[in-house]
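Accompanying notes for the structure given below.
The values are calculated or read from the model by the stated rules, or taken from the named source; none is laboratory data. It should be emphasised that the depicted structure is a prediction, and the values quoted were computed from it without experimental measurement. A quick note on method: Cβ atoms are made from the backbone with ideal geometry, for glycine too, and the neighbour counts reach across all protein chains shown. With ligands, DNA and RNA removed, areas are computed over all heavy atoms of the protein, side chains included. Shrake-Rupley method; radii C 1.70, N 1.55, O 1.52, S 1.80 Å.
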Amino acid sequence: MADTNNSHEKEVKVEELLRLKRAERPGQVFWNTFDRELHQRMLQTLVKKDPWYVQVLRGVSGRIAQTAAVGAAAVFLALMVMRPALVDSTRPNGANGANGAYLALQKNALDLVNSAPSVAAAISDLDSNLIPDYQIEAISGSITDSGYANEYSPDSFELASYDRDVYAMDSVSLGGTGLAITLVY
Amino acid sequence: MANSGSVTKPIFPAQEKTLTERDLDWAVVRKVQAGNVGAFDQLVQKYREHIFSVIYNMTSNREDASDLTQETFIKAFQAIARFRGKSSFFTWIYRIAINHTMTFLKKRNRRRFISYEKIDEEVSNSEIFERLTANNRSEKGVLVSELQEKLNDALQKLSLRHRTVVILHEIEGLEHAQIAEITKTSIGTVRSRLHYAKQQLQSYLQDYIT
């Protein structure tokens, strides 16, 4: 029994052996060198330039974002300019007179009038439906360009139209690009 | 083992990793994220020895371990702006260290250079060495260096996954749950790997295990 106890006392487990590894520790001299080297390497990473492909990607993505924003603004502006012209072309008293669409519409209307019991009322309704609810009478634009290097910051465009008693204003700003478009009608 | 002093004292007691500890680290991380770069040094001072210990025991090379530990902190520093605190900083930095070391060891492949850290002299006076000396009838100084070599060899024979779990549990003193979080595995997997690894080590170190 005594031998058994003695052998148990002398028994060494694998866990105990592994814990001896905790004693493999570097001294203070090692840590002083370690700290100095680490600080140097961290400073190097702070001032180190990104690889060329990262720089290119960053530049390209920045340009794409800028170009997309300017492009979107241009499309929006173009639509705003084109829209009244399109609407105007359907008017009976427009500068170009009646066009094909209007003539077709008028023909259909006349057919309808001929078959309708109240001709006068139908024509009146037709005319009132064809007149647009607004018209652009003036377009004014202003661009304050402080240069591409300034990332298009203080640019502005304005479209305005005034129709007698009705006065309203819509404005759209394209966030981040510094562009703002105002539609007054 | 009761009188084995600093040898048996866990380097990194799992119980100390409370919420408070996590919060303290998080506060320092927020400082660094706010631009106080110098605050990162607090994290380096706190974790450098633990990280070095893990990497050293994984590589069995003190120079590699030193380089990899530095690189671990540099990686953490570079990525700290993206650290959102979903896990503790402790888990995060351990994960970086282990992943980085595994990548290094996989690249190093068959080239194995062993460079040991000097073993603490206290250990030769520990109770376990008294028993080992009695069992092996060897001179204590010889036994220390011989056992150090055998232990490192045995660890290097384990697969990286098994080695990592053994190091984190038996040497670093982390709990199964903490290891599972670091290695992104289940607790069951950790236990299973630990069991297998210990069996392997027992066969490699049978000359010392009575």
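Under 5 Å from the amide H of B:Asn61 lie the amide H atoms of B:Ser115, each residue being 5 or more positions distant or on a separate chain, with H modelled from the backbone and absent for Pro and chain starts. Rounded to the nearest whole Hz, the Karplus-based 3J(HN,Hα) values (6.51 cos²θ - 1.76 cosθ + 1.60, θ = phi - 60°) of region B:99-107 follow the sequence 4, 5, 5, 4, 4, 4, 5, 5, 6, with x at glycine and proline. Taking a spot 7 Å from the Cα of A:Asp35 along the direction of its beta carbon, which residues of region B:46-76 have an amide N less than 13 Å from it? The answer is B:46-49, whose backbone nitrogens lie closer than 13 Å to the label point.
Computed from backbone phi with θ = phi - 60° and the Karplus coefficients 6.51, -1.76 and 1.60, the 3J(HN,Hα) list for region B:144-153 is 4, 5, 5, 5, 4, 5, 5, 5, 5, 4 Hz; x is used for glycine and proline. The heavy atoms of B:Arg193 present about 40 square angstrom of accessible area, all protein chains included, probe 1.4 Å.
Across region B:178-187, coupling constants 3J(HN,Hα) worked out from phi with the 6.51/-1.76/1.60 Karplus curve, θ = phi - 60°, read 5, 5, 4, 5, 5, 8, 6, 10, 7, 4 Hz, and Gly and Pro carry x.
Averaged over peptide A:23-36, the number of partner chain Cβ atoms lying within 10 Å of each residue's Cβ comes to 6.
Among the listed pairs A:Lys13/B:Lys107; B:Lys106/B:Lys184; B:Lys31/B:Lys75; B:Lys86/B:Lys198; A:Lys13/B:Lys106; B:Lys107/B:Lys184, give every one whose C-alpha distance is greater than 24 Å. Distance filter (> 24 Å) returns A:Lys13/B:Lys107; B:Lys86/B:Lys198; A:Lys13/B:Lys106.
With Cβ to Cβ distances under 13 Å as the rule, what net charge do the other residues near A:Val14 carry (K, R +1; D, E -1)? Within the 13 Å Cβ shell, the charges total 0. Going from the chain on its own to the full set of protein chains, region B:19-50 has these residues losing 20 Å² or more of accessible surface (heavy atoms, 1.4 Å probe, no ligands, DNA or RNA): B:Asp41, B:Val44, B:Arg48, B:Glu49. Residues in region B:55-114 average 47 Å² of solvent-accessible surface per residue, probe 1.4 Å, ligands and nucleic acids excluded. Per-residue extension of 0.36 nm, minus the Cα-Cα distance of B:Glu21 and B:Lys140, leaves a gain of 38.9 nm for this segment. Residues whose amide H lies under 5 Å from that of A:Val12, counting only those 5 or more places away or on a different chain, are B:Thr210; hydrogens are built 1.01 Å from N in the peptide plane. Close amide-amide hydrogen proximity is noted between A:Glu24 and B:Asp120, each under 5 Å apart and 5 or more residues distant or on a separate chain (H modeled in the peptide plane; Pro and chain starts excluded).
Only protein heavy atoms count here; under a 1.4 Å probe, B:Arg30 has an accessible surface of about 130 Å². Buried surface for the A/B pair, taken as the accessible area of each chain alone minus that of the pair with a 1.4 Å probe, is close to 3900 Å² in total.
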